[in-house]
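The values are calculated or read from the model by the stated rules, or taken from the named source; none is laboratory data. What you are looking at is a predicted structure, and each value in this text was computed from that prediction instead of being measured. Here the Cβ positions follow ideal geometry from the backbone for every residue, glycine too, while neighbour counts run over all protein chains shown. Remember, those area values only see protein heavy atoms, side chains included, never the ligands or the DNA or RNA. Shrake-Rupley method; radii C 1.70, N 1.55, O 1.52, S 1.80 Å.
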Amino acid sequence: MDSKLALLGGKPEISSPFSEFQTIGKEEISAATEVMKSGTLSAYYGSWGKNFLGGPKVREFEQASQEFFNVKHAITFNSWTSGLMASVGALELEPGDEVIVTPWTMCASATAILQWNCIPVFADIDEDSFCIDPKSIEKNISNRTRAIMSVDIFGQSADVESINAIANKYNLKVISDTAQAPSAMVGDSFAGTLTDIGGYSLNYHKHIHTGEGGIVVTNDDSYAEKVQLIRNHAEAVVGDMGKKDIVNMIGGNYRLGEIECAIGLEQLKKLPNLVKSRQDAAARLTKGLKGLSGLKTPHVRTGNTHVYYIYPLVIDPMILNLEKSKIINALEAEGVPGLMQQYSNVHLLPMYQEKICYGKKGFPWNLGRENISYEKGICPKAERLNDDTFFGLELCMYEFNSNEVDQVISAFHKVWENLSDLK
Ligand SMILES: *Cc1c(COP(=O)(O)O)cnc(C)c1O
């Protein structure tokens with residue numbers, strides 16, 4: 001081992017690039033080809049009738065997803081962003097109602113709330129799981145709070161038991177954004193299936209994908225019907241269906257096609273092994289990084305499994321007496337791929353800072369919610385982690401076979417042995 005850090009002119013520990021995480025194989029190619037040959041690439045009709053719920057592959061994939069996730073309804077969408085939007089719509093909130101959400105998520109979680117003219121209120125995160133902190137949820141409840149959106153970030157479920165207990169106490173609904181944690185377990189249940197509505201993303205970057213796509217899951221018949229309606233031009237069909245309850249029956253075209261669903265069927269079969277490969281990589285990393293001072297490896301809550309969409313790490317800058325960017329830059333120079341310097345703080349986006357979203361007059365905050373704060377400081381733990389202590393490895397981006405993981409471990413050890421050179 002060249003002991004001089006690559007950042008300072010030494011030889012990088014990792015010299016050849018890692019292979020990318022590739023999940024599409026001959027099974028998907030032949031499934032997609034079959035649909036192509038059939039000529040029916042989507043069978044949806046946007047009117048009430050037998051094709052309102054899509055074609056054969058849509059239904060087959062939904063059935064397989066129901067069985068896989070052990071849930072009463074699985075409903076496909078052309079993205080999980082669309083699925084989230086339909087899910088919030090299904091809750092029948094009033095414009096101006098507040099929904100408590102986490103700042104550590106992809107922006108779409110909070111946007112889905114705004115899309116129904118409701119108000120995202122950001123609660124802080126738990127420093128061990130990076131998911132929303134139930135104690136902070138309770139502090140943020142007001143007389144206008146109607147729902148909680150919990151995000152199972154990086155691959156592990158939030159503390160859904162405590163979140164559901166709060167929801168029961170205050171009569172709130174709960175949505176799980178489980179985009180990053182398909183097949184993570186909470187006891188014997190799948191993350192995403194323990195709240196009113198949940199779901200998964202099938203975009204290219206996730207564990208399994210159909211290019212773009214998403215799945216909404218729920219055990220509630222009424223929510224299932226509402227998201228199906230919102231998926232496919234609700235306003236056009238509720239009359240013919242004889243629906244009396246037409247709240248939020250304003251739809252879009254959020255339909256996933258036959259080819260994607262045929263691919264999804266094959267991907268779903270691969271999910272357990274794909275997840276296991278991420279878990280093996282993570283276990284090997286955690287073992288190899290043990291003992292590095294001031295570095296905290298992922299914490300998995302008792303009863304949970306973690307599927308490691310991202311492998312999160314936290315440094316203690318006091319112990320290391322170094323800024324995190326110096327350490328990450330040194331690791332990057334050694335050739336460690338998939339490093340992320342920070343995650344996100346959605347509340348700090350310009351839309352929230354300026355409360356400008358629909359038009360120029362501050363709607364929907366001007367529905368009496370002008371005082372909702374998005375100032376820096378409202379989520380101190382999330383902000384500090386993002387700025388000073390958190391970094392991660394995008395475990396779903398590269399293969400990370402055991403040989404590659406060992407190279408990553410060596411790179412970390414090399415950097416840690418030479419920390420004083422970075423000061
Ligand atoms: C990927 C992701 C989404 C959005 O999913 P799409 O399928 O890309 O629309 C939403 N929330 C989280 C936490 C995600 O990681």
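Structure data summary
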quantity: Residue in the stretch 187-198 that is open to solvent by 60 Å² or more (accessible area, probe 1.4 Å) and either under 13 Å from Thr76 (Cβ atoms) or touching a residue at least 60 places away in the same chain (Cβ under 8 Å) (or both) present; calculated: no
quantity: Residue match in the stretch 115-130 (condition: closer than 21 Å to Lys269 by Cα, open to solvent by less than 30 Å² (accessible area, probe 1.4 Å) and modelled with pLDDT of 95 or more); calculated: no
quantity: Qualifying residues in the stretch 224-262 (those that are open to solvent by less than 60 Å² (accessible area, probe 1.4 Å) and in contact with a His (Cβ under 8 Å, 6 or more places away or on another chain)) - the one nearest to Ser183 (Cα to Cα); calculated: Ala224
quantity: Residue list for the stretch 264-285, filter: closer than 17 Å to Leu339 by Cβ and either among the hydroxyl-bearing types (Ser, Thr, Tyr) or more than 18 Å from the chain's Cα centre (by Cα) (or both); calculated: Ala281, Ala282, Leu285
quantity: Test for Met36: is it touching a helix residue (DSSP H, G or I) at 6+ places or on another chain (Cβ under 8 Å) and either within 30 Å of Asp133 (Cβ to Cβ) or of a type in the set (D, E, K, R) (or both); calculated: no
quantity: Test: residue in the stretch 47-69 that is surrounded by fewer than 16 Cβ atoms within 10 Å (Cβ to Cβ), away from the ligand (no atom under 16 Å from the Cβ) and closer than 30 Å to Glu394 by Cα; calculated: yes
quantity: Flag for Val216 being under 30 Å from Ala32 (Cα atoms), in contact (Cβ under 8 Å) with a residue 24 or more places away in the chain, among the β-branched types (Val, Ile, Thr) and part of a strand (DSSP E or B); calculated: yes
quantity: Residue tally, condition surrounded by 19 or more Cβ atoms within 10 Å (Cβ to Cβ) and either among the basic types (Lys, Arg) or assigned to a loop (DSSP other than H, G, I, E, B) (or both), over the stretch 373-390; calculated: 3
quantity: Close pairs from the stretch 84-109: first near the ligand (Cβ under 9 Å from one of its atoms), partner open to solvent by 10 Å² or more (accessible area, probe 1.4 Å) and of a type in the set (Val, Ile, Thr), Cβ under 7 Å, at least 6 apart; calculated: Ala108/Thr81
quantity: Subset of the stretch 263-294 (residues that are surrounded by fewer than 18 Cβ atoms within 10 Å (Cβ to Cβ) and either at pLDDT below 95 or in contact with a Leu (Cβ under 8 Å, 6 or more places away or on another chain) (or both)); calculated: Gly291, Ser293, Gly294
quantity: Tally, over the stretch 211-223, of residues that are within 15 Å of the ligand (Cβ to nearest atom) and open to solvent by 10 Å² or more (accessible area, probe 1.4 Å); calculated: 2
